[in-house]
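Written out below as structure tokens is the structure these notes cover.
The values are calculated or read from the model by the stated rules, or taken from the named source; none is laboratory data. Every value quoted in this text rests on a predicted model; they were computed, and no experiment measured them. Note that each Cβ is placed from the backbone with ideal geometry, even for glycine, and that neighbours are counted across all protein chains shown.
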Amino acid sequence: MTKRLFSGNMEGMKQSKLFTKTKKEAPTDEVSNNALFLIRGGFIHKEMAGVYSYLPFGLRVLKKIENIIREEMDKAGGQEILMPSMQPKENWEKTGRWESMTDLYKVSDSSGREVALGPTHEEIVVPILKNYISSYKDLPLALYQIQNKFRMELRAKSGMLRGREFIMKDMYSFHTTQEDFENFYNKMKIVYKTIFERAGIGHLTYLTFASGGTFSKYSHEFQTITSAGEDTIYIDEESSIAVNKEVFNEEVLQSLGLKKEKLVEHKAIEVGNIFDLKTKYSEPFDLSYVDEKGEKHTILMGCYGIGLSRLMGTVVEALADDKGIIWPESIAPFQVHLLSLGNDDGVLAESNNVYEKLLKNGIEVLFDDRVGLSAGEKFADSDLIGIPYRAVISLRSIKENGIELKKRTEEKGKVVSVDELIKLLKSSI
């Protein structure tokens, strides 16, 4: 169950009071479904390529994703911190990444002093721990944050999937032994699987073996199948293990016990990754501990990332249909979209009555109380916004002493009473 971030009157919202409006057209320079639907639905506003503002609907979704991730990080033993976006040049020079990282934003002030806008935070978290970690008794430790990141992305053309400014959860773990690291690393594989299941895309998301770069044989990505994906992966459907195309060769397949003829090729989006960093960042800063014998050792590290904004865009890409977004119940901006149809005073009065009852029962409801719009316009907006349940009050439903209830994924709905509606929605919280 996801904790509520919204209380009081924020359980509900009237569309007539909402400052955003849905749009029939999105910016002509957007090609991805996630950007088209999120902009048209009033979830985000494009500022420039790869940079977006979050509007009321979008922020609600983002906060629910954030809550899921925070809950799972806390359960895994993570301690939350918040580090700065502006990072000292000296730290990046110490690790060699000031020159080697090609997508690093470098910013100068009027005095000529240069800083980095953080795309990641190894260069900050390791120096912090130098002040607090010295003994084996201080370890193991895992720190995480949820924060804006910056990358000089020259191909920012995929909406929320490839941003220049984006929101990310990054966790860093610190260990005395390889065995301790591997135990935590394997635990994080399960934690990540749980996060993607809770976010509604677990059935489409696979643990994927990828190149480990300079510090280990493999890293692990979590890839979500969708035709909009920029990555190609090969999946063994029996074991639910996948291999990224970049590491796809006979030697890798043999080491993983996979048979080429059983693998199925898919396009996918990377929604998370985990790395064995070994001593790549602890060594330059001399982050070490003293063991029981008084001997000094360099601390072993791992890192674990999930892009919240990318996850939001991936959900849209993976689950949407041609009418609009289909939000999983766990991260939808609201549980139910209440539509009042027609300009009859009795319909509007009954709609307001149902809205108040839903609020009193702690149900998150978007109330389309707008007048002067046709039923077709309201239905189209509801499909675009993608809230899991649509509840319609009209002269016909009032005659039938009920409310027309339909899931976003269903073609036809059914008439239910107010009490039945409340019971159903409360059971899904």
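Inclusion of Glu66 among residues that are surrounded by fewer than 20 Cβ atoms within 10 Å (Cβ to Cβ), within 15 Å of His121 (Cβ to Cβ) and either of a type in the set (D, E, K, R) or under 13 Å from the mean Cα position of the chain (by Cα) (or both) is not warranted. Listed by position, the strands (runs of 3 or more DSSP E) inside segment 254-307 whose residues that are of a type in the set (A, V, I, L, M) number at least 3 are 263-278, 300-307.
Here is a check on your reading of the model: is Ile81 buried (at least 19 other Cβ atoms within 10 Å of the Cβ) and under 21 Å from the mean Cα position of the chain (by Cα)?
Working: buried (at least 19 other Cβ atoms within 10 Å of the Cβ): no; under 21 Å from the mean Cα position of the chain (by Cα): yes.
For Ile81, the condition - buried (at least 19 other Cβ atoms within 10 Å of the Cβ) and under 21 Å from the mean Cα position of the chain (by Cα) - is not met.
Restricting attention to segment 184-224, the residues that are among the β-branched types (Val, Ile, Thr), free of Cβ contacts under 8 Å to residues at least 60 places away in the same chain and in contact with a strand residue (DSSP E or B) (Cβ under 8 Å, 6 or more places away or on another chain) total 0. Tally the residues that are touching a Gly at 6+ places or on another chain (Cβ under 6 Å), within 16 Å of Ala391 (Cβ to Cβ) and either among the aromatic types (Phe, Trp, Tyr) or crowded, with 22+ Cβ neighbours inside 10 Å (or both), restricting the search to segment 323-366. Result for segment 323-366: 2.
Determine, yes or no, whether Gly313 is at pLDDT 95 or above, assigned by TED's automatic domain parsing to the domain that holds Asp170, surrounded by 18 or more Cβ atoms within 10 Å (Cβ to Cβ) and not basic (Lys, Arg).
yes
For segment 274-288, the count of residues that are surrounded by fewer than 20 Cβ atoms within 10 Å (Cβ to Cβ), in the same structural domain as Leu204 (by TED's automatic domain parsing) and in contact with a His (Cβ under 9 Å, 6 or more places away or on another chain) is at least one.
Remark: pairs (first residue in segment 61-75, more than 14 Å from Glu197 (Cβ to Cβ) and not assigned by TED's automatic domain parsing to the domain that holds Ala142; second residue acidic (Asp, Glu) and not in a helix (DSSP H, G or I); Cβ separation under 8 Å; 6+ apart in sequence or on different chains) are absent. Selection over segment 21-60 of residues that are of a type in the set (Lys, Arg), part of a helix (DSSP H, G or I) and either surrounded by fewer than 19 Cβ atoms within 10 Å (Cβ to Cβ) or not assigned by TED's automatic domain parsing to the domain that holds Ile269 (or both) gives a count of 0. Counting the residues of segment 154-174 that are surrounded by fewer than 20 Cβ atoms within 10 Å (Cβ to Cβ), of a type in the set (Gly, Ala, Ser) and at pLDDT 90 or above gives 0.
Looking only at residues in segment 253-269 that are among the hydrophobic types (A, V, I, L, M, F, W, C) and out of contact with any strand residue (DSSP E or B) (no Cβ under 6 Å at 6 or more places or on another chain), which one is surrounded by the most Cβ atoms within 10 Å (Cβ to Cβ)? Among residues in segment 253-269 that are among the hydrophobic types (A, V, I, L, M, F, W, C) and out of contact with any strand residue (DSSP E or B) (no Cβ under 6 Å at 6 or more places or on another chain), the one surrounded by the most Cβ atoms within 10 Å (Cβ to Cβ) is Leu253. Residues in segment 184-226 that are modelled with pLDDT of 95 or more, assigned to a strand (DSSP E or B) and of a type in the set (S, T, N, Q): 4 in all.
Does any residue of segment 25-32 turn out to be without any contact (Cβ under 8 Å) to a residue 24 or more places away in the chain, under 25 Å from Ile195 (Cβ atoms) and not aliphatic (A, V, I, L, M)? Within segment 25-32, not a single residue is without any contact (Cβ under 8 Å) to a residue 24 or more places away in the chain, under 25 Å from Ile195 (Cβ atoms) and not aliphatic (A, V, I, L, M).
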